[in-house]
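Contents: one structure, followed by commentary.
The values are calculated or read from the model by the stated rules, or taken from the named source; none is laboratory data. These numbers were taken from a predicted model, which means no experiment stands behind them. Methodologically, a virtual Cβ is constructed for each residue, glycine included, from the backbone with ideal geometry; neighbour enumeration extends over all protein chains shown. We work out accessible area using only protein heavy atoms, side chains counted, and drop any ligands, DNA or RNA first. Shrake-Rupley method; radii C 1.70, N 1.55, O 1.52, S 1.80 Å.
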Amino acid sequence: MVTALIKNLSRHAGQEVTIQGWVYNLRSSGKIAFLIIRDGSGLMQGVVAKQEVGEALFGEVKKLTQESAVKVTGMVREEPRSVGGYEMQVTAVEIVSIAADYPITHKEHGVDFLAEHRHLWIRTPRQAAVLRIRSEIEHALRNFFYERDFVLADAPIITPAACEGTTNLFEIDYHGEKGYLSQSGQLYSEANAMALGRIYCFGPTFRAEKSKTRRHLLEFWMIEAEMAYFDIDANMQLQEEMIVYVVQRVLVKCQNELKTLDRDVEKLKAITLPFPRISYTDAVDILKQAGEEFTWGEDFGAPHETIISSHFNAPVFVHRYPTKIKAFYMKPDPDNLDVVLGADLLAPEGYGEIIGGGQRIDDLALLEARIAEHKLPKEAFEWYLDLRRFGTVPHSGFGLGLERTVAWLCGLEHIRETIPFPRMLHKMYP
Ligand code: 4AD
Ligand code: MG
C-alpha cells in the first residue's frame, strides 16, 4: 500500500493510497460519512459508505472525535467541489487513537485562548499554512546564499558584549561572569567574512523588548549576511535580489497555502527589481508632506514607516540615517559625516522594517572613538578591533528578520502567528 501526503493527491488520482492523519471534521447521515482528514500537508475529504466498509466499522467511524488519529485507505479521485480538489472513496479506516474533548472547536475563539493553546492551535489549517510558508522562506534563503557561494558560518548565541545597544539585552550568568544572549550575529559575522569572504548566519536572536507591538518578539530568527569588499550599494543590490528570489519561490511553491490565507498574490507578483532607494532626508520630506510633525534626526516609528512605504508598491530602501540614531559600527558617509552608510528595507503594505544593514566602519581609530562615544566596554571589543588592525577592508552586511518577512508574505496582522512558539512580553507558555 502506498502512503501519500494530502498535498500530493493529484499525483495519485485513480490509485488506492493510505493517508495518515487526524480527524478535522466529520458529518454523517445514516449511510454515509464525510470525514475531513488533515495530515499536516493539507485537508482531504474521505467518503465512507456503510455499504462498503461494513456496519461495525461504519459505527466506529461515526463516533470519531475531532483530532482522533486515523489511517484511511481508499481510491483517490478528482472532485473539484471538495476541499483541495480531490477526495477519497474510503475502503478501510485504522483508528490509531481516540481524542478527548478537543478545546479548539470550529467556532471562533479569542486570541488569548488560542495563544494559551498554541501547541494545539498550530494544527489548524491557517496556522499550518503559515508555518509551511515560513519553512519555504527559510529554504529559499539558504538556497539563495548557497547558489552564490556564501559560506554558512554560525555565530554564537552567548556573547560577552552588546551588538545593538544595551537597552534590550538579556543577561545571563555565565558561571559568575556576565554574559548576554545574542541580539545579532553581526560582529562575529564580520570576523567570519574576513576569514571566508562572503558568509551568512541564520539563528535565533534575543531582545528583551519592553513594549508590546504587532512586530516585536523577544526571540526571533535573523538571517545575516556579511561581505568583504561590499559597499552600501552592492549591499542593497544583494538584498533586493534575495527578496525577489524568496517572493518568487513562495509564489511558486506555496499556492495552496497562500489561498488558505486569502493572500492577495497580485501584490506579491508586482514585486520586481530594482527596489526604490530614498535617503532618510527624502523620507522625512515624505512625512512632512503627509502632514506629520517630524524633526530631522528622530527615528521612525511604525506609523512613519507605514506612511513612507505606502508611496511604493515594492519594498523601499531608506539609506543614510542620522549617525546619532544608528549603531556604533556604522560607517559615516564621507560626503556628509552626519549620516551613515546604513540602509533599512521597509516592506510594502505597512509591514515595516524587514532588513537592517549597512557598511561598517573599517578604520581603527574611528571605531575606537565610536566605542568610547557609545560608552561600550573597550576590553570586550578588542577582538573586534583586531579586524581593523589586520587587513581591514571595506565591508557590509545586513540582517533580515524572518518573522516580519513571514508576516508580510502571508499578509498577517500580527507577528505572533509567524513562529511555532512565539516569545512575547510576559508570555512564555507554552
Ligand atoms: O535592524 P536590526 O536591529 O539590525 C541588526 O541587528 C544588524 N546587526 C543586522 C546586521 O547588519 N547583520 O535587526 C535586523 C532585523 C530588523 O530589520 C527586523 O526585521 C528584525 O531584525 N527585528 C525583529 N524582529 C522581530 N522582533 C524583534 N524584536 C526584532 N528586532 C529586530
Ligand atoms: Mg533596525
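Things to note:
- The count of lysine pairs in segment 41-110 that are at least 8 places apart or cross chains, and whose C-alpha atoms lie under 19 Å apart, stands at 5.
- Karplus-derived HN-Hα couplings along segment 393-402 (A = 6.51, B = -1.76, C = 1.60, θ = phi - 60°), whole Hz, x at Gly and Pro: 9, x, 7, 9, x, 7, x, 9, x, 5
- Proximity of backbone amide H atoms, modeled 1.01 Å from N, is registered between A92 and T73 at under 5 Å, excluding neighbours fewer than 5 places apart on the same chain.
- All distinct Cα pairs of segment 118-418 go into the 1/r average, and the inverse of that average, the Kirkwood radius, is 20.0 Å.
- Using a Förster distance of 56 Å, the FRET efficiency for D112-R142 (Cβ separation, nearest 0.05): 0.95
- 14 Å beta-carbon shell around S310, net charge (K/R +1, D/E -1): -2
- The chain - percent of accessible surface contributed by carbon and sulfur, probe 1.4 Å: 52 percent
- Look at the Cα gyration tensor of segment 66-110: its axes a ≥ b ≥ c give a/c of at least 1.5 with a/b at or below b/c, and that counts as oblate.
- Per residue value of the accessible surface for the chain (all protein chains in place, 1.4 Å probe), Å²: 47 Å²
- Set of aspartates and glutamates with alpha-carbon distance to K378 below 18 Å, sequence-local pairs under 8 removed: E164, E177, E190, D362, D363, E368, D386
- Each residue of segment 317-330 was assigned a 3J(HN,Hα) from its phi angle through the Karplus curve 6.51 cos²θ - 1.76 cosθ + 1.60 (θ = phi - 60°); the sequence is 7, 10, 10, 6, 6, x, 3, 4, 9, 10, 5, 4, 8, 6 Hz, with glycine and proline shown as x.
- G203 sits among other residues whose Cβ lies under 13 Å from its own Cβ, and their net charge, with Lys and Arg +1 and Asp and Glu -1, is -3.
- For G411, no residue 5 or more places off, or on another chain, has a built amide H under 5 Å of its own.
- Range in the chain, longest, excluding exposed chymotrypsin sites (Phe, Trp or Tyr not before Pro) [loop by DSSP; at most 12 other beta-carbon atoms within 10 Å]: 1-228
- Residue of T65, T272, T295 that the Gaussian network model of the chain assigns the largest fluctuation, springs spanning Cα pairs under 10 Å: T295
- Counted charge near A56, where neighbours are those whose Cβ lies closer than 12 Å (Asp, Glu -1; Lys, Arg +1): +1
- Residues in segment 418-426 carry Karplus couplings, in order, of 8, 9, x, 10, x, 10, 10, 3, 6 Hz; the curve used is 6.51 cos²θ - 1.76 cosθ + 1.60 with θ = phi - 60°, and Gly or Pro positions show x.
- Straight Cα distances below 12 angstrom link K253 to the aspartates and glutamates E136, with same-chain residues fewer than 8 positions distant left out.
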